[in-house]
Amino acid sequence: MLQQERIKELMESLASSVEEEQIYAAQALGCLRITDEFVLSALRNTLQVSKSQPVRYEVTRTLVLFGCLDAAVVKELIRHLKKGSPTQRKDLLTALTVTLHAWAAGPESKVTAPAETGPKGSGSAFSRCQYRPPQYEMKHNQHHCSSFLSQRSVVGAQARLVGTLEQLAASQDRTDDSVLLAATCLVYLDASNPAALEALLRCLTQENMKKKMQALLMLVKHVNVVSADIIQALIDQLRHSPVYKHRADAANLLSTVGLEPIRWEGLEEEVFQLLVEKLHQEPFLVVRQTVAMTAAALQMKRRIWDIVEKQLKERSEVSRRQAVVSLGVLGLRNKNVFFTLLEMLEVDSSLAVRMQVSDVLQQCVWFLVSRSKGLTCVCVTSHCRSLGRFVPWE
């Protein structure tokens, strides 16, 4: 009831003669995400009759966010993208990105519309673009067709929208956020669009780590491009990004790229050494776990195990502790390693190493319960208690 009353009030404000009330109503409806037909009809009607540019902008943004990309809305969207302020352009492209991403993730994105429904030479998602730059390996080409693209009435509007996005993506201004957003929208419309690929590759040369990560996600996940520059950018993100989520995403994207392209570009050893370092140097557990999964996906886990297990017997306290931390996310390969850790828990000369071993054995609680004898559990419990560590399985 409250929601219905709220929507009724917003509908009245949308039909008001006061510009501020109309703007507020359009913004509020966009936040509420109410896509009932009478709401969409009211927004379309306001777009048709209103002469206020601020009102038309807010209504257009809300309709784009709702996925209503008919010919009239696309025409208004293009006008604001060309003549609006940088902030307005960024907000509109963000809304368009949200809509296209939702469509690309849906089942309708897997269906390619017949080629004859689109204008020839338009570069739209109707025709399968065969653009293959020689310096990049295109693993496979997937086109993200949204529901509005399959309607004949908006074929022309779609072609004009693609052209406008290509112009925005071609900007050489490194401070313009619209470049990356426009390229992202182009990728969702056509994964083979040359302007989108060129803009995303330019983003890899910027110092902004966030933009680089967004560009890498689009290049690897959606455009499916593999090159030495992209793999090197992923390595740099995993090594230097200050955002832990970006480091985890970079490790995941290395898994997506796969071992063969990495080996082909001569970067296998660099990737291997980075994974070995990150297994013990990375402060966030979730990133270390992602790195361990990446090592398994790239068929490097067995080799890392060999190195780490040898480190357990080194004289250096630092090396032994790093090895124990690595095993905490890699897992124990066999029972011999488990008994080695038990021995270290008792006889290792370093308190820091013994405490780290205690943490690893606590992580292996289910292994202890299911595989070990009661005497071993009592032994581990006793040693952990002597170190002042809480043992959850007591």
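Just a few scattered comments:
- Within region 1-47, the set of residues being charged (D, E, K, R) and within 11 Å of L63 (Cα to Cα) comprises R33, R44.
- Contact map, region 167-183: first residue farther than 12 Å from R89 by Cα and without any contact (Cβ under 8 Å) to a residue 40 or more places away in the chain, second residue surrounded by fewer than 23 Cβ atoms within 10 Å (Cβ to Cβ) and among the acidic types (D, E), Cβ cut-off under 9 Å, separation 6 or more or different chains; pairs are A169/E198; A170/E198; R174/E207; A183/E198.
- Selection count, region 20-48, where residues are in a helix (DSSP H, G or I), in contact (Cβ under 8 Å) with a residue 12 or more places away in the chain and either in contact with a Gly (Cβ under 6 Å, 6 or more places away or on another chain) or of a type in the set (S, T, Y) (or both): 1
- Qualifying residue in region 79-90 (condition: crowded, with 17+ Cβ neighbours inside 10 Å, touching a Lys or Arg at 6+ places or on another chain (Cβ under 6 Å), under 26 Å from L189 (Cβ atoms) and not assigned by TED's automatic domain parsing to the domain that holds S16): yes
- Extreme residue, farthest from the chain's Cα centre (by Cα), among residues of region 1-19 that are of a type in the set (S, T, Y) and outside any helix (DSSP H, G or I): S17
- Residue count for region 280-303, restricted to those that are surrounded by 20 or more Cβ atoms within 10 Å (Cβ to Cβ) and part of a helix (DSSP H, G or I): 8.
- Residues (of a type in the set (G, A, S) and within 15 Å of V18 (Cα to Cα)) located in region 39-73: S50, S52
Every residue, every condition in (1) modelled with pLDDT of 90 or more; (2) within 16 Å of the chain's Cα centre (by Cα); (3) within 14 Å of L96 (Cβ to Cβ), yes or no:
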site	(1), (2), (3)
A169	yes, no, yes
C185	yes, yes, yes
P194	yes, no, no
A199	yes, no, no
L204	yes, yes, no
K211	yes, yes, no
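- Test: residue in region 326-336 that is farther than 30 Å from V243 by Cβ and surrounded by 17 or more Cβ atoms within 10 Å (Cβ to Cβ): yes
- Picking from residues in region 327-352 that are part of a helix (DSSP H, G or I) and within 37 Å of the chain's Cα centre (by Cα), the one that is nearest to M300 (Cα to Cα) is L330.
- K221 falls short on exactly one of the conditions (1) more than 20 Å from H101 (Cα to Cα); (2) at pLDDT 90 or above; (3) surrounded by fewer than 16 Cβ atoms within 10 Å (Cβ to Cβ), and that condition is (1).
- Restricting attention to region 41-61, the residues that are aliphatic (A, V, I, L, M) and surrounded by fewer than 18 Cβ atoms within 10 Å (Cβ to Cβ) total 1.
- Whichever residue in region 102-117 is buried (at least 18 other Cβ atoms within 10 Å of the Cβ) and over 25 Å from S41 (Cβ atoms) and, among such residues, is modelled with the lowest pLDDT: A113
- Matching option when the condition is farther than 30 Å from G67 by Cβ and either crowded, with 22+ Cβ neighbours inside 10 Å or of a type in the set (A, V, I, L, M, F, W, C) (or both), among L197, L216, L253, L238: L238
The values are calculated or read from the model by the stated rules, or taken from the named source; none is laboratory data. Bear in mind that the values here come from a model prediction, so they are computed numbers and not experimental data. Note: ideal-geometry Cβ built from the backbone for every residue, glycine included; neighbour counts use all protein chains shown.
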